[in-house]
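Colleague: One structure, pasted below without further comment.
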Amino acid sequence: MDNKLFATRVQPAVPSRLAGLFPVMNYPDAIKFTAGAPAESLFPADAMAQAYADAMAAEGNHTFQYHTVQGPVELRERLAQRAMDKMQIDHVTADNVMLTAGGQQGIDLVAKALLNKGDGIVVEAPTYVGALSSFDTYEPTYYEVELEDDGLNTDQLEATLKQHPEIKLLYTVADFHNPGGVTMSLAERQKVVELANQYNLIILEDTPYRELRYTGQSLPSIKHFDTEGRVIFLSSFSKILMPTLRTGWLVADKAVIQQLYKLKEAADLEVPNITAQAINHYLADNSLDEHIARLNKEYKVRMQAMIDACRKYLPAGVSATKPEGGFFTWVTVNSAINTTDLLYNEATPNQHIAYVPSKNFYAYKDHTNGMRLNFTGLTPTEIDTGMKRLGTLLTQAEQII
Ligand SMILES: Cc1ncc(COP(=O)(O)O)c(C=O)c1O
């Protein structure tokens, strides 16, 4: 086919941001810090199978019929309650809750609803690669704001907004950042809402890891501080239940959700009823909080193993963020080291370890001395062994530069 026939958003010469993120490595002693996947052994598989059976028993053949773009009101009511209880968002009703095909569709629909070609969007540097892959298709102008230990740099955000008051959207992962591992402080949460009010901005607060806190105190969501309907709060069942449910949910003003429903109908007509009903039954008959507590207990041990291993094995001059939850640690090495080259030339063939190199997490792919390490998919022993190898690798790399 003639490439000119493709729209600019899918030019064949431009590779997918998500393709090739995880290098193939078949060594028996391979240790992969790459995945962003939850631990399969912790899936509530039996309870979920029962929930699907209950959903089918309750509605018979009608379960499998077309239903609505909104999905079951009972599920949205439960999520509205959860938004008030756990996220500290006030006055949420079922009408403020929209079900999406994973958090990913929430990101995509919000971007589609707001961004015309060339419109300004602020993203953290680094940011979630899947969000970039979605945003790219709307051909925005990216403005990057540096991610620090307490979340994005709000001074830099303010300066950017002052210089480009036409910017429409801020995308942020405030809790246990992917890939940064850090959490936005209370003060910064308040500040971003103030700036959004001042500069007429929408904030997309993406929170798939929010309830996976292993140490420290939970903070109110950014949406908690929203008084003008500017914050869209987005969550997902992928990390706390199972990714295959492909179910996310967002909380926003009804006026925003109405526009998003138009786009969802155009994209996939409606929420898959069987899945939404199964989640509803799961939530009615099981304690999601107890399940999350089990996850947090296990993941805490893995996170601690990662923090200990970073201290033990990473050479001086290499820094690692210290997460309090979520899935990831972010490591920054000497700026003369290119972590993509290091991955393919040394880490995988010689040390049999893999990580995701930093360039993938930047809008302009121009930061080459960082790496994302996942700790939830490995045992503490694997983490220790793999990090020892990474320490050796980085010590050697520092000697060569
Ligand atoms: C920050 C962030 N947002 C959204 C998603 C999308 O997840 P899902 O579509 O499975 O809910 C992910 C998945 O890794 C993520 O890390």
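Colleague: Of everything in the range 1-49, what is touching a residue at least 24 places away in the same chain (Cβ under 8 Å), among the small types (G, A, S) and under 26 Å from G370 (Cβ atoms)? Give them in sequence order.
Modeller: Hits for the range 1-49 are S16, A30, A35, G36, A37, A39.
Colleague: Select from the range 314-334 the residues that are out of contact with any helix residue (DSSP H, G or I) (no Cβ under 7 Å at 6 or more places or on another chain) and either modelled with pLDDT of 95 or more or surrounded by 16 or more Cβ atoms within 10 Å (Cβ to Cβ) (or both) and list them in ascending order.
Modeller: Matches in the range 314-334: S319, T321, E324, G325, G326, F327, F328, W330, V331, T332.
Colleague: Another question about this same structure. Those residues that are within 16 Å of the ligand (Cβ to nearest atom) and hydrophobic (A, V, I, L, M, F, W, C), I need them from the range 84-116; list them, please.
Modeller: M87, V97, M98, L99, A101, I107, L109, V110, A111
Colleague: Give me a count of the residues in the range 73-95 that are out of contact with any strand residue (DSSP E or B) (no Cβ under 8 Å at 6 or more places or on another chain) and surrounded by 20 or more Cβ atoms within 10 Å (Cβ to Cβ).
Modeller: Qualifying residue count, the range 73-95: 1.
Colleague: May I ask you to list the residues in the range 106-160 that are crowded, with 22+ Cβ neighbours inside 10 Å and in a strand (DSSP E or B)?
Modeller: I121, V122, V123, E124, A125, V145, L147, G151, L152 - these are the residues of the range 106-160 that are crowded, with 22+ Cβ neighbours inside 10 Å and in a strand (DSSP E or B).
Colleague: Within the set of pairs 6+ apart or on separate chains, which have a first residue in the range 59-70 that is in the same structural domain as D95 (by TED's automatic domain parsing), a second that is among the aliphatic types (A, V, I, L, M) and in a helix (DSSP H, G or I), and C-beta atoms under 8 Å apart?
Modeller: T63/A55; T63/M56; T63/I274; F64/I274
Colleague: Same structure again: If we scan the range 244-251, do we find a residue that is crowded, with 16+ Cβ neighbours inside 10 Å, in a loop (DSSP other than H, G, I, E, B), of a type in the set (S, T, N, Q) and within 16 Å of the ligand (Cβ to nearest atom)? Break it down into steps so the answer makes sense when it comes.
Modeller: If we filter the range 244-251 for residues that are crowded, with 16+ Cβ neighbours inside 10 Å, which is where we start, we get 245-251.
From what's left, in a loop (DSSP other than H, G, I, E, B): 246-247.
With of a type in the set (S, T, N, Q) added as a condition, the list becomes 247.
Subset that is within 16 Å of the ligand (Cβ to nearest atom): 247.
Looking for residues that are crowded, with 16+ Cβ neighbours inside 10 Å, in a loop (DSSP other than H, G, I, E, B), of a type in the set (S, T, N, Q) and within 16 Å of the ligand (Cβ to nearest atom), one finds at least one in the range 244-251, hence yes.
Colleague: Quickly run through the range 255-267 and pick out the residues that are surrounded by 13 or more Cβ atoms within 10 Å (Cβ to Cβ) and in contact (Cβ under 8 Å) with a residue 12 or more places away in the chain.
Modeller: Residues satisfying the conditions are V256, I257, Q259, L260, Y261, L263, K264, A267.
The values are calculated or read from the model by the stated rules, or taken from the named source; none is laboratory data. It should be emphasised that the depicted structure is a prediction, and the values quoted were computed from it without experimental measurement. Positions of Cβ are generated from backbone atoms using ideal geometry, with glycine treated the same way; all protein chains shown enter the neighbour counts.
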